[in-house]
Amino acid sequence: MSRIAEIHENRHLALTPPVIGAIPDEMKRETRPYQGIPGIEAGPDGSLYATWYAGGKGEGPDNYVVLSVSRDNGNTWKEIQCVSHEGLVRCYDPTLWFDPQGRLWWFWAQTYSPVIWEIFDGKCGVWCACCEDPTVDMPVWSAPRRIAEGIMMNKPTVAQNGDWLLPTAIWNCSPEYVTDEEKPYTFSSVTISRDNGKTFEFLGKADVPQRSFDEHCIIERKDGSLWMLVRCYYGIGESFSTDGGKTWTPGAPSVLAGPNSRFAIRRLQSGKLVLINHRVPHTLPGELTRKEMRLRTDLTAWLSDDDGKTWYGGLLISNGNDVSYPDLTQDKEGRIRVIYDQQRYTDGSIFQTSITEDDIAAGHLVTPGSYTAALVSALIPKK
């Protein structure tokens with residue numbers, strides 16, 4: 001049997017629900033050789049929630065998703081639950097999101113993965129569960145359900161009309177596994193919910209040339225149009241929609257520089273945009289050299305007052321090597337919480353940062369209580 005035939009014959013296994021529960025001993029931090037790809041959210045009560053995936057020696061069938069909680073402003077963290085699937089199905093690429101009703105959503109992807117580094121079955125699937133009250137010691141989640149084809153790395157956007165816009169995609173990393181039925185979803189897509197998460201459906205797609213693993217974000221601009229930013233081989237590409245996300249302009253490179261890696265962008269409570277991305281020291285977002293585009297260092301925060309036309313500030317969050325995959329949220333006090341990983345294959349370090357707009361604008365910490373590089377979790381060295 002060919003590899004493609006074997007994948008297609010077994011990938012239905014990833015269409016079955018996983019288990020959400022307490023973390024068993026064999027999945028606790030002491031046993032892990034790998035962890036990374038984090039997400040973060042801040043609750044109305046001040047609690048912080050972080051998620052990432054772990055398990056195995058890298059990306060493969062042993063992956064599961066972890067939920068960690070801090071009830072003391074990020075000083076200490078406790079892993080409380082995980083999403084896991086039996087057999088050769090990996091759970092990975094999670095994100096957390098509080099909806100306008102105050103419910104916490106936990107999103108992740110699933111795919112059939114027979115061996116390590118065989119990480120894509122051509123279909124995958126975005127799954128979710130919802131918690132009405134995450135403040136309890138052991139949150140209770142709705143039954144896991146599959147809501148879209150592909151993967152979703154970043155948080156939904158709530159449009160002015162109340163629609164939820166989810167950035168979903170079947171990546172183009174192994175097109176030989178994608179069937180004709182799935183090809184319409186192999187773009188930077190939008191999945192929509194018009195009823196506060198009761199139902200979800202495919203809405204539209206953008207075709208951004210040289211996209212890599214999509215990992216796209218959707219921003220609603222002040223004029224009501226949508227701006228999609230997409231991870232590409234050259235940095236960040238973009239596309240625009242003026243009909244709520246049904247149709248999109250032909251994709252093109254944006255002015256935002258950076259390596260072929262995940263970035264984070266969100267609208268703040270003030271109306272400004274904040275961007276977390278890599279940069280080369282002493283440069284503004286713009287064109288980088290080919291060598292510079294490969295670097296995953298100098299994770300930096302920028303602000304924009306004009307819907308992304310210009311950027312200012314430049315607060316260096318981390319200048320370490322192999323820092324990557326930022327996610328961000330804003331807490332009830334207005335603090336911007338950023339999470340990212342570092343050297344996920346060796347240290348498995350996950351760091352959290354608490355900063356303000358004033359810090360970013362100044363290019364250094366000026367607000368009392370702001371900090372960078374607070375450890376959330378790290379692998380335990382084996383003796």
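Since every read-out is calculated from the coordinates, none of them should be taken as a lab result. Bear in mind the structure is a predicted one, so any value in this text is a computation, not a measurement. Every residue, glycine as well, gets a Cβ built from its backbone with ideal geometry; the counts of neighbours run over all protein chains shown.
With the Cα gyration tensor of the chain in hand, convert its eigenvalues to equivalent ellipsoid semi-axes via √(5λ) and list them largest first in whole Å.
Working: eigenvalues 157, 127, 91 Å².
Those come to 28, 25, 21 Å.
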For the chain, calculated [θ]222 nm from helices alone, where every DSSP H run of n ≥ 4 adds -39500 (n - 2.57)
-1000 deg cm²/dmol
Most fluctuating of GLY369, GLY125, GLY58 in the GNM of the chain (C-alpha, under 10 Å) is GLY369
Evaluate the distance, in nm, between pseudo-label points positioned 7 Å from the Cα of ILE116 and of TYR371 along their respective Cα→Cβ axes.
3.4 nm
Quick one: TRP97, TRP117, TRP141, fewest Cβ neighbours within 10 Å first, how do they rank?
TRP117, TRP141, TRP97
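Find, to one decimal place in angstroms, the Kirkwood hydrodynamic radius of segment 1-148, where the mean of 1/r is taken over every pair of different Cα atoms and then inverted. Could you put the intermediate results ahead of the total?
Values: mean 1/r = 0.0638 Å⁻¹.
With all distinct Cα pairs of segment 1-148 included, I get 15.7 Å.
Using DSSP to define loop residues, name the trypsin sites (Lys or Arg not before Pro) in segment 205-245 whose beta-carbon has at most 16 other beta-carbon atoms within 10 Å. Numbers along the way, then the final one.
Values: sites: LYS205, ARG211, ARG221, LYS222, ARG231; in loops: ARG221, LYS222.
Those satisfying the criteria are ARG221, LYS222.
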